[in-house]
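Colleague: Take this structure, written in structure tokens, and hold onto it; I'll ask about it next.
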Amino acid sequence: MGISKYVLPFEACDLTMVNRVGGKCAGLGELLKTQIPVPPGYAITTDAYELFVEENGFKRNVLERLHNLDGSNIDEINRASRDIRSWIEAGTFSIPLEDVIAEHYRLLSRRTRTPACPVAVRSSATAEDLPDASFAGIQDTYLWVRGVDDLLDKVRKCWSSLFAPRAISYRIDKGFDHSKVLISVAVQKMVRSFAAGVMFTLNPSTGDPATVVIDSNWGYGESVVSGEVNPDQFQINKITMEITKRTVSDKAIYYTTDPERDEVKRLAVDAERRTQQSLLDAEIMDLAKLAKRIEKHYGKPMDIEWATEKSLPYKGEVYILQSRPETVWSQKQVKPVVAPKRSAIEHIVAGLLAGKKIK
């Protein structure tokens, strides 16, 4: 079972399919086409979401509940969100839809040779990860999901997160039609992250396009994405591929899997590891090279989530979990430090007078 209307492997997704698989799944498929290492998985399409809503008779009630909501009335939005999410999370799957989702989960487990393969279940909305309107982080993500029943439960919760208060407010603010915004779900093999985080193909503080910036912490990347920890940071010059700045922070907490309870747990970092560098220099270079390849493919600055998985203390693999266009500096017109000059000598002299190093 490979291609269906309701489930598509990441390999079958690309940027032309955002309306069917959302920004996240489309981006993962695009990365695979460029030979970027991405954990295997599949997209539960917007067709599956629409079928679920239709079979449970939710659409009319949802739109009526959202009609004429005041975007500035937080209490009103919260109440509407609670109502709609409770309806969706109590909904039932038809047997054919449940079967196709479960069968692809079994195929993923067989492919990875892992019984009841642990997966990350991530929302992938059709209006997220767009350069001019990023919904990144608004919809839900669930880590270390195991078994078909747990998967179906988390899929419903991802679908319902299309109506989280922030998502409703965002659509009202941006003028998106609630009935036009759909949602897909990414089901992706979990990486047993030794370290993880985010990276940008420009400096997010200054907009410098010649720098890759990597933020890193032990365990899963949620501690970095959520801002719960002050991560290590590494800045790499794209031209020379040298680490130009290295900040090793005191990292107090991290997320990992509790082997006894088989669930993700927030833990304190051991005292001796708190101020140790969470990435090897070789891994930093591997990540920077991948960042450059991804940026070159997309032709624009990118915001990327990554993880490393180690089978031995000294050997690891780097994976890209998702990527999306950077949405802050890419919307600005960055002015050059020194205005263009007619000759090289004039350019150097102007730079010296401005007190700036000319590279």
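All of the numbers you see were taken from the coordinates with simple rules; none came from a lab. Not measured: the values here are computed from a predicted model. Positions of Cβ are generated from backbone atoms using ideal geometry, with glycine treated the same way; all protein chains shown enter the neighbour counts.
Colleague: For the condition touching a strand residue (DSSP E or B) at 6+ places or on another chain (Cβ under 8 Å), of a type in the set (S, T, N, Q) and part of a helix (DSSP H, G or I), what is the one hit in SER169, SER161, SER184?
Modeller: Exactly one of SER169, SER161, SER184 is touching a strand residue (DSSP E or B) at 6+ places or on another chain (Cβ under 8 Å), of a type in the set (S, T, N, Q) and part of a helix (DSSP H, G or I), namely SER161.
Colleague: Here is a further query. Across region 260-313, which residue is farthest from the chain's Cα centre (by Cα) among those that are within 27 Å of ILE239 (Cα to Cα) and of a type in the set (Ser, Thr, Tyr)?
Modeller: Applying the filter and picking the extreme gives SER278.
Colleague: Can you list the strands (runs of 3 or more DSSP E) lying wholly within region 206-301 that have 1 or more residues being touching a residue at least 60 places away in the same chain (Cβ under 8 Å) and under 20 Å from LEU143 (Cβ atoms)?
Modeller: Result: 211-218, 253-258, 263-268.
Colleague: Take the residues of region 165-210 that are over 18 Å from the mean Cα position of the chain (by Cα) and aliphatic (A, V, I, L, M): which is surrounded by the fewest Cβ atoms within 10 Å (Cβ to Cβ)?
Modeller: Going through the qualifying residues, I end up with ALA210.
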